[in-house]
Structures are given as structure tokens and as C-alpha cells.
Amino acid sequence: MVHLSFEGKVALVTGTDGDRGRRVAALLAERGARLVLAGGTLAGDRAVGRLAAAADAAKRAGSEAVSLAEETGTPEDADLMAQRAVEAFGRLDVLVHSPPPPGEWRGEMDELASTFRVVGPVWQRLRRQGHGRVVLVSDVRRGPAEVEGTTLAMGLVGLTNVLSIEGRGRGLSANVVVDLCDRSTLLAELPTTQPTSPEPERSPRLGGRSAGESGLDAAAVAYLAHDGCPLDGAVVGVRGHRLLRLAMGVNLGVFDPELTIEAVRRCAEEVVADDHLITPEDAGGEMPLLTAQLRTARDGRP
């Protein structure tokens, strides 16, 4: 089996004062990455203590790490973190950003805005140097914050798509990992390439824990951060012992240049049907469907 190494690479990992960020940092350190560790989940002395513990763990694994106690919510903070990476290790190759789970609607919007402010300056630095990988991480778990978590995850999906398109041909890539935490509304909103199980996936080994608690999310994040990973713009779901793709699909739809309310009523079921569903990478990917629509309009047949 090929052993994927991060020797010679430098990764900036946020949220390492929380459990997920700490798991990701530990795995990257084990594989040889040098780390710049930032917080974002906690505040005060508790955050500083956890960041220091994560840095110590990386060093025990034979890696090098520096921890930053600064906030992570402004472009200036993000630019400072990237600059610290270059000052400490001479380069920056990877950003893994894991915003903390929101607890209320305002918190969710704050975290989404904070993610844009963090990713933007780091992405521009990676773009100027002509190489780099970005992995965004989120989760959706049942409970009072599920709606907010789902919205945050969808925002990260949109940001990832934009980064992926912008980075093509420039040595850049962006992907996102979503820990689905058993059953969640996100699966109802995003069609998947695999059928979903009717019941939550719980095994004796996991003991009902989420995929994140089992460490599977860290493995998925680390692979997407590796130069050998060909994926770009991917939305990878982690659920139980499964990895799956989440995707927004486009179907054949209905072509009618003179739509009325009544016409929409007649064709509504056809509009939302799964027939001919595809997941185009860009606007050009829809050309087969557009051609089929024009042919149907001309001939009255598919």
C-alpha cells in the first residue's frame, strides 16, 4: 500500500483548540507535515492551553509546530497566520479551515462570514505562489443547531465551488468535508451518488458516535490536503463508516419560452424529476441537456 507523506509540506490548520482540528493536526504531523496551529473554537486561556497541547502532540510525533493565539475572524488575522507560516517554515502549502459549530442563527452567519474572511487572504497568497490546497470542514448534527449547521455547510460548498473554478490551471485545489453525524437534513437537500440508509448507521465499534468522533473525518481531510489527491471541487460526506459524494444535480427540465402559471403547474413534477440528472462541473457541462431540450422543443420527442 502506498504511504502518503506530507514531508516538506507546511499546513495551516484552524480550529485546533477543538476536537476535529486537533485530530487533523495530529494526523498531518504523523505524516510529516510542519504545522501552524490556530484556534477559533474556544476563547481565552482554555484556547491557548489547547493550542499548546496540540503543538506539543505534533512535536512528540516528530514534526514541528507553532501555535497562534490570535483570533481568526478577520482578513488581517488570516494574512498574519499565513505570514507566520512563511516566517517559521519558509512556505505554506495547505489550509485546513474548520469553523466551530454554530449555536444559533446569528452565530452561523458569523461563522460563514468569518470563513470567507479567513480563506480569502490565504487563497490569494497560495494563488500568487502558484500552488496550494484548501480543505474546508463542517458538520451537520441533529439537534437545535441542525438548521444553522446545514446552512453553514451549504455556504462552504458554494465557497469551495468558486475556489475550485478559480484555481483550475493554477496549481490550486479546494474541497470540502461534511461530517453528516448520522442522519441529517443535509441528505434530504443534496442528492447523493449512493442511496442513503433509512436508519442511522451505528456499529458496535463506533458505539453510536459520529464519523468525526471515530477519526474518519481527519483521514478524509488529510487525503484531500495531499498533493497526490486528484479531486478538486469535491464535497465529501463522512457518515458512519462511509465516505460518499454530495452533489447538486441538474436535470433535463422543461423548455417553454411562453411559460404561464398554469404551464408551470402542469410541468412541475417533470421539472423536479430525477430523469437525466447530471452534475456538471461548469456551464459547458449542461450542453448535452440543452441540446436535448432544443431537440424536444423542435420535434416534440426526447
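Can you say whether L27 is outside the structural domain of V134 (by TED's automatic domain parsing), under 19 Å from L216 (Cα atoms) and in contact (Cβ under 8 Å) with a residue 12 or more places away in the chain, as far as the supplied structure shows? No. Count of region 59-81 residues, restricted to those that are at pLDDT below 90 and not in a loop (DSSP other than H, G, I, E, B), is 9. Contact map, region 78-90: residues that are touching a residue at least 60 places away in the same chain (Cβ under 8 Å) and in the same structural domain as V66 (by TED's automatic domain parsing) paired with residues that are part of a helix (DSSP H, G or I) and among the aliphatic types (A, V, I, L, M), Cβ distance under 7 Å, separation 6+ or inter-chain. Pairs shown: A82/V122.
The values are calculated or read from the model by the stated rules, or taken from the named source; none is laboratory data. Note that this is a predicted model, so its numbers are computed, not measured. Don't worry about glycine lacking a Cβ; one is built from the backbone with ideal geometry, like all the others, and counts go over all protein chains shown.
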